[in-house]
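Below: one structure, written as structure tokens.
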Amino acid sequence: MINNLAIRMFTLVVGLSALPSVLSVCERYKEIGLGNAYAGSAGEHSLIFSNDCDIIDQRKLLSGNICANDYIHRASVQCIAGTQTPNTVQTGDGNNWGNCRSVTQSCGNGQVVHYCCARN
């Protein structure tokens, strides 16, 4: 009886430790992430992430350029002239973001966040 209980507890602990952890990026309160996901030989997607790695929006075309107005859910990313550095972001829900800072963080599955932007 005791051995059977010990085996069940061990199985439960091992099973729980195998669950994937929740990924998070842009640790500061109320930030979004801007980055890319690699699509193999087809190129890469430009993505906007929530701070728990959910994809908020992505560009319609395969492009690593995050500075664009052609996001599926109508986000707009404006960059500093002549650079790929985001300056302001407006997400499809109308929220505005800025004060973007450079980071290198992973959301797993080849998804990388390059900038975190705070809510204005």
Kindly indicate the residue of region 13-46 that is of a type in the set (A, V, I, L, M, F, W, C) and at pLDDT 95 or above and also farthest from Cys117 (Cα to Cα) among those meeting that condition. Leu34
Please work out if Val103 is at pLDDT 95 or above and aliphatic (A, V, I, L, M). yes
Without any contact (Cβ under 8 Å) to a residue 12 or more places away in the chain and surrounded by 12 or more Cβ atoms within 10 Å (Cβ to Cβ): is that true of Asp70 in this structure? yes
Which of the residues spanning region 85-118 are out of contact with any strand residue (DSSP E or B) (no Cβ under 9 Å at 6 or more places or on another chain) and over 13 Å from Val25 (Cβ atoms)? Gly94
Count of residues meeting criterion [open to solvent by 30 Å² or more (accessible area, probe 1.4 Å) and farther than 19 Å from Ala118 by Cα] in region 47-62: 3
So, of the residues in region 78-120 that are in contact (Cβ under 8 Å) with a residue 40 or more places away in the chain, in contact with a Lys or Arg (Cβ under 7 Å, 6 or more places away or on another chain) and not aromatic (Phe, Trp, Tyr), which turns out to be most open to solvent (accessible area, probe 1.4 Å)? Arg119
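The values are calculated or read from the model by the stated rules, or taken from the named source; none is laboratory data. Source: prediction; values computed, not measured. Here the Cβ is made from the backbone with ideal geometry for all residues, glycine too, and neighbour counts use every protein chain on show. With ligands, DNA and RNA removed, areas are computed over all heavy atoms of the protein, side chains included. Shrake-Rupley method; radii C 1.70, N 1.55, O 1.52, S 1.80 Å.
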